[in-house]
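Enquirer: Can you read through this structure? Questions will come right after.
The values are calculated or read from the model by the stated rules, or taken from the named source; none is laboratory data. Just so you know, these numbers come straight off a predicted model, no measurement behind them. Using ideal geometry, Cβ is built from the backbone for each residue, glycine included, and neighbour counts are taken over all protein chains shown.
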Amino acid sequence: MLEISIFSILALFMLGGSITMIMSRQTVFSAFGFLVAMIALAGIFALLDARFLALAQIMVSVGAIVVLSTLTILTINMKLENLPYERNKYKWMFFAFILALPITLLMYKSTTAMYESFNTLEVVTSKVVGKLLFSEWVLAFEIVSILLLAAMVGAIVIARKEIPKLEIPKQEISNKEEGV
Amino acid sequence: MSPNLFFLLASLLFSIGLIGLVSRRNLFVLYMSIELMLSSVNLLLATFSKVLGDAGGSVIALLMIGVIAAEAALFLAMIVHIYRSHKSVDSDTFSTLAQGRE
């Protein structure tokens, strides 16, 4: 009973946050909705006995991703009238809802048809995760580390300012050659 | 407590992310919708990990978090780049990426 009430509160926060995220016109409010959804998702991970995953979710998703996107939003600092003009936003949302409804039902039915109840699993602590990560999943772990390195380099290259090309005046070069 | 509620929540979150991705034009909202869809897959993985009694699902979800972080860095860099050249966060400006700089 306690679990169900905790789950309902967290699910309410998550759905409310994500609906706020897609509905609100101001980008900062969207970011706050996203923040609420991510914190509630960490709580649901903890409810699923995946403690290390909950901690990683709080550290990476909430601490890094949401903060980074909020920082970018505040740095860009769009005025409300400069935001993209979405004329038929609610109409498109309604059509997308109709489009997404069968997909939702399909996902729900196909996942619930397989399994009825939870298995008795011991709590997934960091010890278990670490042992699995460095024995069974070590290749995937290395691939993710290379991916993060490539993403870091790519982000720096994409977001940097254009460096003006250095133009060396020809006069100096010819002077130097004469001196030699 | 049955896993059905968790499956329902994951599919609802995926659909909300899909609706946001289809119907909005603000680049930040598109980015956060993609993040939300990836997070719902994460929730599904964690639920399956508990349903099957296998801790491997949590490990895959952990690696997914790393992939999400890489995606966030690249997408934000692209948003900053587009904002610098066009002074706009409209997703229509993505279409000029293919034509090169004028």
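Enquirer: Keeping to segment B:17-36, report how many residues are under 20 Å from A:A54 (Cβ atoms) and among the hydrophobic types (A, V, I, L, M, F, W, C). Let's see the steps before the verdict.
Expert: At the first step, the residues of segment B:17-36 found to be under 20 Å from A:A54 (Cβ atoms) are B:35-36.
Of the ones still in play, those that are also among the hydrophobic types (A, V, I, L, M, F, W, C) are B:36.
Qualifying residue count, segment B:17-36: 1.
Enquirer: For B:L43, state whether it is within 23 Å of A:L148 (Cβ to Cβ), within 7 Å of another protein chain (Cβ to nearest Cβ), of a type outside the set (D, E) and crowded, with 21+ Cβ neighbours inside 10 Å. Full working, then the answer.
Expert: Numbers: within 23 Å of A:L148 (Cβ to Cβ): yes; within 7 Å of another protein chain (Cβ to nearest Cβ): yes; of a type outside the set (D, E): yes; crowded, with 21+ Cβ neighbours inside 10 Å: yes.
So B:L43 passes the test.
Enquirer: Exactly one of these conditions fails for B:S49: (1) at the interface with chain A (Cβ under 7 Å from one of its Cβ atoms); (2) farther than 28 Å from A:S126 by Cβ; (3) touching a strand residue (DSSP E or B) at 6+ places or on another chain (Cβ under 8 Å); (4) crowded, with 21+ Cβ neighbours inside 10 Å. Give me its number.
Expert: Single failed check for B:S49: (2).
Enquirer: Looking at segment B:55-88, which of its residues are outside any helix (DSSP H, G or I) and modelled with pLDDT of 85 or more? Spell out how you get there, then give the answer.
Expert: Here is the first cut: in segment B:55-88, the ones outside any helix (DSSP H, G or I) are B:55, B:87-88.
Listed by number, the list holds a single entry, B:A55.
Enquirer: Now a separate question. So which of A:M59, A:M93, A:M38, A:M114 is outside any helix (DSSP H, G or I) and among the hydrophobic types (A, V, I, L, M, F, W, C)? Can you show your working first?
Expert: Details: A:M59 fails: outside any helix (DSSP H, G or I); A:M93 fails: outside any helix (DSSP H, G or I); A:M38 fails: outside any helix (DSSP H, G or I).
Answer to the check: A:M114.
Enquirer: Quick check, is A:I44 of a type in the set (V, I, T) and facing chain B (nearest Cβ under 9 Å)? Working first, answer last.
Expert: Working: of a type in the set (V, I, T): yes; facing chain B (nearest Cβ under 9 Å): yes.
Yes.
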